[in-house]
1. Sorting Asp431, Asp310 on the 10 Å Cβ count, fewest up front, what's the list?
2. By counting other Cβ atoms within 10 Å of each Cβ, how are Asp430, Asp301 ranked from fewest to most?
3. Loop-only check: which trypsin sites (Lys or Arg not before Pro) in region 389-457 are DSSP coil with at most 16 other Cβ within 10 angstrom?
4. Taking Cα pairs under 8 Å and at least six residues apart, what relative contact order does region 90-143 come out at, in percent?
5. Which length gain, in nm to one decimal place, applies between Ser212 and Gln439 when the Cα-Cα distance is subtracted from 0.36 nm times their residue separation?
6. Which percent of the Cα-Cα distances in region 35-483 go past 42 Å?
7. At what distance in nm do the modelled label points of Arg330 and Gln124 sit from each other, each positioned 7 Å from its Cα along Cα→Cβ?
8. Report the relative contact order of region 35-483, percent, no decimals, based on alpha-carbon pairs under 8 angstrom and at least 6 residues apart.
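Rule-based calculations on the coordinates, nothing more; no lab input. Computed from a predicted model, the values in this text were never measured in an experiment. Neighbour counts are summed over all protein chains in view; Cβ atoms, including those assigned to glycine, are modelled from backbone coordinates with ideal geometry.
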Amino acid sequence: MNAFAKQLRMPRRKFLQECGLGFGSLALLDMLSREGAGADRAEARDVGERPVLERLHFPPRAKRIIFLFQSGGPSQLDLFDYKPLLNQLHGQELPAEVRMGQRLTGMSGNQSQLPLVGSPYKFQQHGECGAWVSELLPHTAAMVDELCIIKSMHSEAINHGPAVTYVQTGSQLPGRPSIGAWLNYGLGTENADLPSFVVMVTKGAGGQPLQSRLWGSGFLPSVHQGVQFRSGPDPVLYLNSPPGLTGESRRRMLDTLGELHREDLRAAPDPQIETRISQYELAYRMQTAIPEATNLADEPDYLLDEYGPDARTPGTYAANCILARRLAERGVRYVQLFHPGWDHHGGLPTGLPKKCQEMDQPTAALIRDLKRRGLLDDTLVVWGGEFGRTNYCQGKLVGENFGRDHHPRCFTMWMAGGGIKPGTSYGVTDDYGYNVAEQPMHIHDLQATMMYLMGIDHEQLTFKYQGRRFRLTDVQGNIVRDIVA
């Protein structure tokens, strides 16, 4: 057999590597770079699934985060930001000196009039802190002394896709790592049998579509991406072994596959191979750990009742809140709950109460449950959407029916536990609820503060990609120490 025939029988990678003048190696390098999305190879290889931080930058206030993301943009004016002036001026035109020429969406930008709309819901002060909360949130109102309500959030993004991406990744453009991936990259996991970053989406909630890139790893090694848990018998797709394959058989298969991958790794070092090996092993361990973590059968009836009537239905927001607590107990570092359907351009008096009914009781129950178990002190809970809603009606204001357009200029989020000052408010909006009047808090400020509470300096946790070092907060972001206990 001549040398050329021998080369034809070689493995593809070996053949490419041994081709003349290094052309094969160049081709292989290009192929691997496409798999890794151009990440810095040497740095990625050092990271793998191990935490990149040898020690934290700050003493951590929180060990884990649960982000209750209300996708679509909840109306802060009907929930937390009480503006009686809007009721007095109901139906009148938004003053030009309040708007100040700020851009509007294409959905209301061509309206000849922008009639102000007061909230039809009653507000009352609650708790020792005296926070104003709408009648739509009676359970949350009972928990205000545990919350820090931030009324001065603001964003440059005015449409859903860029705005949700901004909150989750620190950039309006797709392709950056999500905050959960950054934390996984920096801190690693506390439980080797479960993913460090878990995502759940409320089943059948409607609303704007949510793409998996919102919990992706971007240019970080793919081992850091979020793992979506679904309702039903298979919380993670393709995790269970096919019929007839025993655990012992799967173990032998993974051992053999690992040996082949390591042989490949010796011939052509590639962080993607390391990632595959670690993900296969994690999947094997998850086959036992995930069914136990997601099985609510051992939850007592009184606790399920506390979370509300939907708690026994898999995939609901209430059931996902219980799973979030169970995962927090088991060392999952970042749990992201997406609860879509808050995009009320019209029919707000009908749609908003329904979303509040789904969300209010389970959210309050989660705070109580974490506190009762001693988990709230080191679990940071974040609630909010990608932006708020306008103080004027989208379209014509007819009778009692109305809708509100997107409003990124000011909106409300809240935080609890994990080093946050309880029973406080931060930021003030103007009397029209249109602009931030005091203590503005940008999306990057929120992210910087979340990282700080986890013990990380957001300016120092970086990753080199395409010749520059990237971070979650891009080139912005300040820690808001006024809300830290």
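1. Sorted ascending by nearby Cβ count, the order is Asp431, Asp310.
2. The most exposed by this proxy come first: Asp301, Asp430.
3. Lys396
4. Relative contact order of region 90-143: 29 percent.
5. 78.4 nm
6. 17
7. 4.0
8. Relative contact order, region 35-483: 31 percent.
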